[in-house]
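Have a look at the structure below before the remarks.
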Amino acid sequence: MLVYYRISNLGFNLLKARLLVVELPLEQESVARTRKIVHVDMDAFYASVEQRDNPSYRGKPLVVGGSPNQRGVVAAASYEARKFGIHSAMPSVTAIAKCPGLIFVRPRFDVYREISTSIHAIFKRYTDLVEGVALDEAYLDVTENKQNITYASTIARYIKTAIFQETQLTATAGVSINKFLAKMASGQNKPNGLTVILPEQAMSTTSRKRLRFCRTASD
Ligand SMILES: [Mg+2]
C-alpha cells in the first residue's frame, strides 16, 4: 500500500512538473507576442511632394504619372483628384475624362527617394527594426525602442511631428500589436491621422465598429 502511495504520489508530482514545464513557455510566449508595431504611411506621397514644391499646384486636382497621350497610368493622385474618383493605377486617359482640368506631373523619383531616406533617418532615432514597404510606407517595431518610450502611440506622434517639421509633408500612422492590425489602423484615418488598435480590442474582435479611433490634437 505504502509503495503504491509513493508511486502514485510520484506520478502526481511528475504530472505537476510536466504541467509546469508546459505552462511556463506558453506564458512567456504570450508576453513575447505583445509587440508594439507602428505603420507609417505618407499621405498621397508623390502628389503631396509635387504640391509642396510647386505652390500653384496646391489645393488642385493633380496626378503624378504618365501622360494620357502616351497611355500613361496614375502613380499617385492628390486628395483633390481623389474626390473625382481618380486613384493610382488608373489609366491617365480615364483620369482626365473624370476631371478635365486635372494637372499631370511627371514623377521625380530621385526627389521621392531622398525624402524617403530622410524619413527612414527619423525612424532610426527610435528603432533599427524598420521594414520599408515602399518609398512612402514602413513598419517599425518599437517594442524595445532606443528612447525607452513606453507608448508606441507617443512614438508615432513624435514621428509624425518630425516628418512634418523636416519635410513639410504629412504622414498617417497606425499602432497595434502586429503588422496586419497596424496597417488596418493607419487605413482608418487618412490623411494626417493617428489610430491605435489596443491589444484588448484586437483580441476581442477586428470588427470596425469596435475599434477606437484616436485622432491627435496636433493633426
Ligand atoms: Mg502612402
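Which residues, counting only those in region 105-116, are more than 16 Å from the ligand (Cβ to nearest atom) and either surrounded by 14 or more Cβ atoms within 10 Å (Cβ to Cβ) or free of Cβ contacts under 8 Å to residues at least 12 places away in the same chain (or both)?
Of everything in region 105-116, those that are more than 16 Å from the ligand (Cβ to nearest atom) and either surrounded by 14 or more Cβ atoms within 10 Å (Cβ to Cβ) or free of Cβ contacts under 8 Å to residues at least 12 places away in the same chain (or both) turn out to be Val105, Arg108, Asp110, Glu114.
Please specify each residue of region 148-167 satisfying the condition of being within 16 Å of the ligand (Cβ to nearest atom) and touching a residue at least 40 places away in the same chain (Cβ under 8 Å).
Ala156, Ile159, Lys160, Ile163, Thr167
Restricting attention to region 64-79, report how many residues are modelled with pLDDT of 95 or more and more than 16 Å from the ligand (Cβ to nearest atom).
1
Specify which of the listed residues (Ser78, Ser67, Ser118, Ser92) is in the same structural domain as Ile159 (by TED's automatic domain parsing) and at negative phi.
Residue meeting the stated conditions: Ser118.
Just to verify a result, which residue in region 30-63, among those that are within 16 Å of the ligand (Cβ to nearest atom) and touching an Asp or Glu at 6+ places or on another chain (Cβ under 6 Å), is nearest to Ala138 (Cα to Cα)?
The selected residue is Asp41.
Does Leu102 satisfy being of a type outside the set (Ser, Thr, Tyr), in contact with a Phe, Trp or Tyr (Cβ under 8 Å, 6 or more places away or on another chain) and within 16 Å of the ligand (Cβ to nearest atom)?
In short, no.
Exactly one condition in (1) over 12 Å from the mean Cα position of the chain (by Cα); (2) surrounded by fewer than 20 Cβ atoms within 10 Å (Cβ to Cβ); (3) part of a helix (DSSP H, G or I) is false for Gly101; which is it?
Failing condition for Gly101: (3).
The values are calculated or read from the model by the stated rules, or taken from the named source; none is laboratory data. Because the structure is a prediction, the values reported are computed rather than measured. A quick note on method: Cβ atoms are made from the backbone with ideal geometry, for glycine too, and the neighbour counts reach across all protein chains shown.
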